[in-house]
Amino acid sequence: MVFIDVAWACQPRGRRGGILKNHLTRHLTQAQFDATFSAPMRRLSQDEAPPFDFWPYYDALPHSEFQGHQFSGDVEYVYENSSGTFQHVLVNSENQNVFLGIVLGMTQKRVYGHRVLDFASMYGLQESPP
């Protein structure tokens with residue numbers, strides 16, 4: 001059974017095709033993404049709402065950045081670093097262990113960037129049978 005964080009999943013989502021004005025998307029390198037971690041990372045509860053609307057950023061991402069994956073727009077996991085400066089929003093894909101990681105900058109209340117996270121490749125994970 002998969003539990004979807006209701007507060008996050010109910011936000012407007014999907015590819016509306018609009019243009020995100022005055023904001024560019026930023027594909028993070030692995031080093032840039034890793035720099036937003038500070039242990040321990042804390043998983044946020046289902047009762048916590050997003051700190052700001054990041055879905056226009058998601059909508060503005062070109063499909064070419066998805067590395068051949070389809071992302072649903074549903075969010076199952078959100079983590080915050082120990083200093084509270086970044087949140088990692090993991091957008092589900094069609095593959096169990098592949099997510100689009102959107103990094104929220106909590107100090108400036110804006111999206112810091114994104115990265116496709118293929119945990120199956122990174123950590124040698126196997127897909128669960130249907």
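The values are calculated or read from the model by the stated rules, or taken from the named source; none is laboratory data. As the structure is a prediction and not an experimental result, all values here were calculated from the model. Cβ: placed from backbone, ideal geometry, glycine included. Neighbour counts: every protein chain shown. SASA here: full protein model, heavy atoms, side chains in, ligands and nucleic acids out. Shrake-Rupley method; radii C 1.70, N 1.55, O 1.52, S 1.80 Å.
Filtering the range 42-88 to residues that are within 19 Å of Phe119 (Cα to Cα), open to solvent by 40 Å² or more (accessible area, probe 1.4 Å) and not small (Gly, Ala, Ser) leaves Arg42, Arg43, Glu65, Gln67, Gln70, Asp74, Tyr77, Tyr79. Taken across the range 115-123, residues that are among the small types (Gly, Ala, Ser) and either modelled with pLDDT of 85 or more or more than 16 Å from His69 (Cβ to Cβ) (or both) do not occur at all. Go through (1) at pLDDT 90 or above; (2) surrounded by 15 or more Cβ atoms within 10 Å (Cβ to Cβ) one by one and return the number of the condition Arg110 breaks. So the condition that Arg110 fails would be (2).
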